[in-house]
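Trainee: Dropping a structure here in structure tokens format, bear with me for questions.
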Amino acid sequence: MSVAEAHAEAARGFIDVRNIGVTFGRDENEVVAVKEVSINVQPGEFVSLIGPSGCGKSTLLSIVAGFVKPTKGAALLDGKKITKPGSDRGVVFQQYSLFPWLSVRKNVEFGLKMAGVDQNKRLTTARSLLDLAGLLSFENHYPDQLSGGMKQRIGIVRALATSPQVLLMDEPFGALDTQTRVVMQEILTNIWQQFRISVLFITHDIEESIFLSDRIYVMTARPGRIKAEIKVPLPRPRTPEMTDTPEFMNLVQELKGLIREESLAAMAPEIKDRGLSGFGMKVGPKGVGELY
Amino acid sequence: MSNMARAKVVAIPIPTGQIDPERILESTMTSTPEKPQAPVTEGQAAPAPVAAEPEVVPTLSFRTVARSLFKHITRDRIISFLLGCISISALFLVWYLGTKYRFEFYIRFKNVPTPAEVFNQLTQVGLSNKYLVNIAISVKRILTGFFIAIAIAVPLGLLIGKYERVRDLFMPCVEILRPIPAIAWVPMSIMLWPNNEAAIVFITFIGAFFPILLNTIHGVHSLDGVLVRAGRCLGANEAQLFWNVILPGSLPHIFTGLAVGMGVAWVSLIAAEMISGQFGVGYFTWEAYSLVDYPAIMLGMITIGVLGLACSGVIRMVGVLLMPWLAYAPGGRR
């Protein structure tokens with residue numbers, strides 16, 4: 001199935017973030033975390049948000065999830081303003097967020113239980129989702145009995161259980177080791193292709209963002225703005241072999257350049273303070289490192 | 001460049017388009033270093049279709065029961081049990097030797113009854129109606145005060161922990177009343193309540209209340225915020241959040257509060273009974289002192305110790321039953 005077809009079929013799940021600004025603190029303590037950011041995720045599209053640490057990408061996701069209210073602008077889902085968290089947006093967190101007191105299956109059932117779905121229906125849905133995650137045989141285990149990769153897979157299917165229109169993922173594989181991560185990315189693309197759900201994915205891993213996404217937004221260092229928007233022309237379905245193609249490599253190089261500038265800018269004050277200006281960077285009056 | 005190197009390692013074919021759980025299972029099982037922390041039989045992990053588990057009908061025979069009992073007797077448990085016996089015996093030995101040789105060096109064992117005397121007391125007075133009634137009354141008072149304390153302290157603690165405004169409203173009172181020991185409440189309590197019984201239950205309640213309240217608040221505060229956010233995202237409203245996330249998440253701390261609260265409740269109860277009671281184990285012990293009945297004093301003390309032990313044992317057991325997941329928690333019981 002091509003991406004276009006997926007778009008056509010999944011008519012809902014359109015995220016529209018308009019001129020969002022987020023400011024923390026007041027007066028001299030004021031910190032501008034996000035400044036005039038506009039992004040969108042088309043129905044059924046997989047979009048990544050990438051940028052140096054502290055650039056406000058998680059803040060942006062929190063706004064779409066409904067945890068944080070923007071100081072300026074608005075985030076809309078299918079034309080409706082987002083004001084609070086809800087089960088129409090599945091969220092997968094960076095930290096493991098399974099309820100340790102519930103069995104794996106009960107965790108997946110949680111959202112359905114909150115919605116008042118009857119027990120038989122819950123059981124069937126949870127089991128088919130666990131089967132999809134390859135973890136059906138662990139349904140009666142407690143989360144603390146599982147490895148990190150397993151927990152995150154359950155976190156993903158738990159978020160999907162209530163059939164949300166969008167899936168918001170905040171560096172979900174950040175805590176996993178490299179091998180597990182690679183497998184998780186493939187599992188995620190497969191799940192995404194089955195559900196044809198819009199995904200907003202936050203990461204700082206360049207290869208990960210290219211491998212998974214249709215489109216990538218690159219953010220600047222704080223205050224976070226959109227520096228670039230890059231389309232990933234790689235065909236679907238993606239296979240691990242694609243990561244060796246020159247096309248993929250070129251994208252990696254391009255993104256690396258963009259991110260590196262911003263990472264340097266983000267670290268520049270510290271670099272200046274420590275007198276480390278000899279790393280091929282010019283340190284300007286504001287401490288912003290310029291490349292070579 | 002490690003990312004580039006990683007990209008080349010990837011070589012796990014995953015079927016495209018339609019997902020194939022079996023293939024995913026294979027690839028994740030064989031190619032990732034994931035291993036569950038607790039023992040999980042590999043055989044179980046075979047790709048299983050939905051709901052294909054055979055129904056195991058449990059058959060009860062003497063053999064299976066005996067086997068399951070023996071399974072729980074591990075080397076580790078035998079050692080803990082033996083050490084426990086040694087510790088109790090040592091206590092009795094000191095008592096026995098001290099009374100036998102009338103040990104006298106600053107502390108005086110001269111008037112302390114021997115274990116045998118106390119045992120005689122138990123067989124005579126101990127099984128009398130009066131003694132058992134005293135125990136029953138004390139237990140009734142403890143349970144009444146303790147359950148009222150739970151019923152008020154746990155919901156209040158959850159609300160104080162969750163809402164800053166509720167905290168601002170209640171915490172000043174709590175902070176003023178908390179340092180007043182339950183024993184200091186005795187005169188006030190006698191004035192306040194219409195009868196002695198209610199006064200003693202109130203003092204027991206005061207003793208249990210603050211440890212339970214403070215531990216519940218602490219439980220809510222130490223609950224990982226991501227779990228609350230996850231609950232909200234999954235569509236839980238405020239009431240559902242309390243019942244399904246905040247309460248179970250705080251339960252380990254609540255049980256710490258219950259264990260501490262039960263201890264303080266006993267201390268408070270015995271003090272109250274000694275001062276104003278007409279019945280109860282505390283009264284029994286104090287009466288024995290006024291009647292110069294030394295063996296009965298010891299019997300009363302031992303009774304209090306055993307009852308306290310039994311109560312905290314029950315709390316611990318209920319805790320294990322209600323929170324089976326703690327067995328696997330990092331830094332948990334095992």
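Trainee: Please determine whether any residue of region A:256-266 is modelled with pLDDT of 85 or more, out of contact with any Lys or Arg (no Cβ under 9 Å at 6 or more places or on another chain) and within 14 Å of chain B (Cβ to nearest Cβ).
Mentor: Checked against the condition, which is being modelled with pLDDT of 85 or more, out of contact with any Lys or Arg (no Cβ under 9 Å at 6 or more places or on another chain) and within 14 Å of chain B (Cβ to nearest Cβ), region A:256-266 yields at least one hit.
Trainee: Can you say whether B:GLY219 is over 22 Å from B:ILE137 (Cα atoms), within 14 Å of another protein chain (Cβ to nearest Cβ), part of a helix (DSSP H, G or I) and within 23 Å of the chain's Cα centre (by Cα), as far as the supplied structure shows? Give the derivation first.
Mentor: On the way: over 22 Å from B:ILE137 (Cα atoms): yes; within 14 Å of another protein chain (Cβ to nearest Cβ): yes; part of a helix (DSSP H, G or I): yes; within 23 Å of the chain's Cα centre (by Cα): yes.
Criteria met by B:GLY219.
Trainee: Name the single residue that is nearest to the other protein chains (Cβ to nearest Cβ) among those in region B:283-329 being among the hydroxyl-bearing types (Ser, Thr, Tyr) and buried (at least 19 other Cβ atoms within 10 Å of the Cβ).
Mentor: Let us first name the residues in region B:283-329 that are among the hydroxyl-bearing types (Ser, Thr, Tyr), namely B:283, B:285, B:289-290, B:294, B:303, B:312, B:328.
From what's left, buried (at least 19 other Cβ atoms within 10 Å of the Cβ): B:283, B:285, B:303, B:328.
Values: B:TYR283: 42, B:THR285: 42, B:THR303: 37, B:TYR328: 4 Å.
Residue satisfying both the conditions and the ranking: B:TYR328.
Trainee: Looking at region B:107-116, can you tell me whether even one residue there is under 30 Å from B:PHE279 (Cβ atoms) and in a helix (DSSP H, G or I)? Write out each step before concluding.
Mentor: Narrowing region B:107-116 to residues under 30 Å from B:PHE279 (Cβ atoms): B:111-116.
If we keep only those that are in a helix (DSSP H, G or I) as well, we get B:115-116.
Yes, because at least one residue in region B:107-116 is under 30 Å from B:PHE279 (Cβ atoms) and in a helix (DSSP H, G or I).
Trainee: Also, I was wondering about something else. List the helices (runs of 4 or more DSSP H) that sit entirely inside region B:243-326 and contain at least 3 residues that are under 18 Å from the mean Cα position of the chain (by Cα) and more than 30 Å from B:VAL226 (Cα to Cα).
Mentor: Values: elements: B:247-276, B:281-290, B:294-322.
By residue number, B:247-276, B:294-322.
Trainee: What number of residues within region B:230-285 are closer than 27 Å to B:ILE190 by Cα, modelled with pLDDT of 90 or more and of a type in the set (Val, Ile, Thr)?
Mentor: Adding up the residues that qualify gives 6.
Trainee: Any residue at all in region B:227-244 that's assigned by TED's automatic domain parsing to the domain that holds B:VAL139 and over 22 Å from A:PRO100 (Cα atoms)? Full working, then the answer.
Mentor: Applying the first criterion (assigned by TED's automatic domain parsing to the domain that holds B:VAL139) to region B:227-244 yields B:227-244.
If we keep only those that are over 22 Å from A:PRO100 (Cα atoms) as well, we get none.
No: zero hits.
Trainee: Surrounded by fewer than 22 Cβ atoms within 10 Å (Cβ to Cβ) and modelled with pLDDT under 90, is that true of A:GLN95?
Mentor: Numbers: surrounded by fewer than 22 Cβ atoms within 10 Å (Cβ to Cβ): yes; modelled with pLDDT under 90: yes.
For A:GLN95, the condition - surrounded by fewer than 22 Cβ atoms within 10 Å (Cβ to Cβ) and modelled with pLDDT under 90 - is met.
Trainee: Taking region A:33-75 on its own, how many of its residues are assigned to a loop (DSSP other than H, G, I, E, B) and of a type in the set (Asp, Glu)?
Mentor: Of the residues in region A:33-75, the ones assigned to a loop (DSSP other than H, G, I, E, B) are A:42-45, A:51-56, A:66-71.
Add one more test, that the residue is of a type in the set (Asp, Glu), and what stays is A:45.
Total satisfying the criteria: 1.
Trainee: Something else about it: Only one of these conditions is not met by B:ILE304: (1) in contact (Cβ under 8 Å) with a residue 40 or more places away in the chain; (2) closer than 13 Å to B:VAL139 by Cα. Which number is it?
Mentor: The one condition B:ILE304 does not meet is (1).
Trainee: Turning to a different aspect of this structure: Residues of region A:203-235 being surrounded by 18 or more Cβ atoms within 10 Å (Cβ to Cβ), within 14 Å of chain B (Cβ to nearest Cβ) and not hydrophobic (A, V, I, L, M, F, W, C), which ones?
Mentor: Scanning region A:203-235 gives A:THR203, A:ASP205, A:GLU207, A:GLU208, A:SER209.
Trainee: Answer yes if at least one residue in region A:172-180 is touching a Ser or Thr at 6+ places or on another chain (Cβ under 7 Å), more than 10 Å from chain B (Cβ to nearest Cβ) and surrounded by fewer than 24 Cβ atoms within 10 Å (Cβ to Cβ), and no otherwise.
Mentor: Taking region A:172-180 and keeping what is touching a Ser or Thr at 6+ places or on another chain (Cβ under 7 Å), we get A:179-180.
Subset that is more than 10 Å from chain B (Cβ to nearest Cβ): none.
No, region A:172-180 has no match at all.
Trainee: Pick out the one residue from A:PHE138, A:PHE195 that is surrounded by fewer than 22 Cβ atoms within 10 Å (Cβ to Cβ) and aromatic (Phe, Trp, Tyr).
Mentor: Numbers: A:PHE138 fails: surrounded by fewer than 22 Cβ atoms within 10 Å (Cβ to Cβ).
Only one candidate passes the filter, namely A:PHE195.
Trainee: A further question follows. Can you name every residue in region A:67-83 that is more than 8 Å from every other protein chain (Cβ to nearest Cβ) and either hydrophobic (A, V, I, L, M, F, W, C) or closer than 27 Å to B:SER250 by Cβ (or both)? Before you say what the answer is, go through the steps one by one.
Mentor: So in region A:67-83, the residues more than 8 Å from every other protein chain (Cβ to nearest Cβ) come out as A:68-83.
If the condition is that a residue be more than 8 Å from every other protein chain (Cβ to nearest Cβ) and either hydrophobic (A, V, I, L, M, F, W, C) or closer than 27 Å to B:SER250 by Cβ (or both), then A:VAL68, A:ALA74, A:ALA75, A:LEU76, A:LEU77, A:ILE82 are the ones that fit.
The values are calculated or read from the model by the stated rules, or taken from the named source; none is laboratory data. As the structure is a computational prediction, the values presented were derived from the model and not from experiment. Cβ: placed from backbone, ideal geometry, glycine included. Neighbour counts: every protein chain shown.
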